[in-house]
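Engineer: First the structure, which I've put down as structure tokens, then a few questions once you've had a look.
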Amino acid sequence: MGNCLHPVETSFSLDQNGTQFAFEYLNYSYDYNTTDELMDNYHIEAAAPCHSCNLLDNSSLPFFILTSVLGVLASGAVLFAILKPLSHWQICPSWPILAQLAVGSALFSFAVPVLAPGLNTAHNTGLCFLGYWIWYTSAFAQALLIGCYACLNPRLGIGQIRRLTLGLTVGLWGAALLLGLPVTLASDVYNGLCTLASNKDLEALKSTHSAICFIIFTVLPLVLLVAKGMKKALGKGPGPWVSVLWIWFIFWWPHGMVLIFDVLVRSKIVLLQSCPSQQILDVMLNLAEALAVLHCVATPLLLALFCHQTTRRSLLSLSLPVRQSSHTDAFAIKS
């Protein structure tokens, strides 16, 4: 992906504007024997723009398309397996919430081509807004669903309470829709590419979006881990239910971290004193974005593994009373 042999100005990616900037003249102490030619070269290089290597340019379009197709197929297959009548996966506790995770992954997969670089003729402002809204709404919803599933399912058995499941569904998806509004309102079409608008009036919206991503994708899993550790250390209950679904956060955790750091840099709270530092930040933004995109392929696989593990344990637990009762009957007959 991308062309690093010939560095170009960072294009407007999904979560960053172009980061081309010019260094201000630095306070430079030098020896009086320094030649005029050396000083001229220094000032020319210091004032030159910093060009980053963009990994997610038009050449990365096959990556986005392939990921989208695989995500749609995998999410559809898992969703069918969960919703199929008399499916053994419906033994999973709270399987409606698991189905919603598959729906969220499928929605994200459909939104990937809309925001992919290279499809310049396919973009308009309305489609751009819709793409960003679906992209982040589905991601926020999945994170909130995993968090609630981990915290509430072992204690309340929410899969057995339809009203509670419906209330959680409406509440979580409603919250995700609201959390996706800042990035939606800050997006626009620039040179045929759907991106965040490079407008100072929208900086507040972009900063709000980055803070939301940091809280949902980075802080939330840390809170779950700390709560699990504290509950176990104090012996006050099992705490959040640790499962393979927590791997989902690995795909989004760097995204939240890099976005909040980028906000600190753009607001000049954190100063990058060299061009290589800015280039590293741009590369990290691209890599975090690519890792986040891959979650739509990994999520159905995690759901399938989770359902397989839980149904297997459930079937074993159900078969134990049957075996015990059969042994008891056999003993009674012998006696």
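Engineer: Give all pairs with beta carbons closer than 6 Å in which a residue from the range 215-229 that is within 13 Å of W248 (Cα to Cα) and in contact (Cβ under 8 Å) with a residue 24 or more places away in the chain meets a residue that is assigned to a helix (DSSP H, G or I) and open to solvent by 40 Å² or more (accessible area, probe 1.4 Å); count only pairs at least 6 apart in sequence or on separate chains.
Structural biologist: F217/W253; T218/W253; T218/M257
Engineer: Please verify whether L70 is farther than 20 Å from T195 by Cβ and in a helix (DSSP H, G or I), treating the condition exactly as stated.
Structural biologist: yes
Engineer: Restricted to the range 172-203, and to residues that are part of a loop (DSSP other than H, G, I, E, B) and not small (G, A, S), which residue is most open to solvent (accessible area, probe 1.4 Å)?
Structural biologist: N191
Engineer: Could you identify the single residue in V114, V103 that is closer than 25 Å to T184 by Cβ, open to solvent by 10 Å² or more (accessible area, probe 1.4 Å), modelled with pLDDT under 90 and part of a helix (DSSP H, G or I)?
Structural biologist: The unique qualifying residue is V114.
Engineer: A further question on this structure: With respect to W253, is the statement that it is among the aromatic types (F, W, Y), assigned to a helix (DSSP H, G or I) and open to solvent by 40 Å² or more (accessible area, probe 1.4 Å) true?
Structural biologist: It is true that W253 is among the aromatic types (F, W, Y), assigned to a helix (DSSP H, G or I) and open to solvent by 40 Å² or more (accessible area, probe 1.4 Å).
Engineer: Within the range 195-220, can you find the residues that are among the charged types (D, E, K, R) and touching a strand residue (DSSP E or B) at 6+ places or on another chain (Cβ under 8 Å)?
Structural biologist: K206
Engineer: Something else now. Anything in the range 256-274 that is part of a helix (DSSP H, G or I) and either of a type in the set (S, T, N, Q) or in contact (Cβ under 8 Å) with a residue 60 or more places away in the chain (or both)? List them, or say none.
Structural biologist: Those that are part of a helix (DSSP H, G or I) and either of a type in the set (S, T, N, Q) or in contact (Cβ under 8 Å) with a residue 60 or more places away in the chain (or both): L259, D262, R266.
Engineer: Quick check on this structure: which one of T165, T169, T208 is more than 25 Å from L130 (Cβ to Cβ) and in a helix (DSSP H, G or I)?
Structural biologist: T165
Engineer: Another question about this same structure. Does L144 satisfy the criteria of being modelled with pLDDT of 90 or more, more than 20 Å from V69 (Cα to Cα), in a helix (DSSP H, G or I) and open to solvent by less than 40 Å² (accessible area, probe 1.4 Å)?
Structural biologist: Yes; evaluated as a whole, the condition is true for this residue.
Engineer: Could you list, in sequence order, the residues of the range 151-176 that are of a type in the set (S, T, Y) and either closer than 16 Å to P240 by Cα or at pLDDT 80 or above (or both)?
Structural biologist: Residue satisfying the conditions is T169 alone.
Engineer: Kindly provide the set of residues from the range 82-100 that are of a type in the set (A, V, I, L, M, F, W, C), at pLDDT below 90 and assigned to a helix (DSSP H, G or I), ordered by number.
Structural biologist: I82, L83, W89, I91, W95, I97, L98
Engineer: If A186 passes every condition in (1) touching an Asp or Glu at 6+ places or on another chain (Cβ under 8 Å); (2) without any contact (Cβ under 8 Å) to a residue 60 or more places away in the chain but one, which one does it miss?
Structural biologist: (1)
Engineer: Oh, and also: Test L234 against the criterion of being under 24 Å from F64 (Cβ atoms) and more than 13 Å from the chain's Cα centre (by Cα), and give yes or no.
Structural biologist: For L234, the condition - under 24 Å from F64 (Cβ atoms) and more than 13 Å from the chain's Cα centre (by Cα) - is not met.
Engineer: I would also like to ask the following. From T208, T218, grab the single residue that is β-branched (V, I, T) and open to solvent by less than 10 Å² (accessible area, probe 1.4 Å).
Structural biologist: Residue meeting the stated conditions: T218.
The values are calculated or read from the model by the stated rules, or taken from the named source; none is laboratory data. It should be emphasised that the depicted structure is a prediction, and the values quoted were computed from it without experimental measurement. We place every Cβ from the backbone using ideal geometry, glycine too, and count neighbours over all the protein chains shown. Keep in mind that these areas ignore ligands, DNA and RNA; they rest on the heavy atoms of the full protein, side chains included. Shrake-Rupley method; radii C 1.70, N 1.55, O 1.52, S 1.80 Å.
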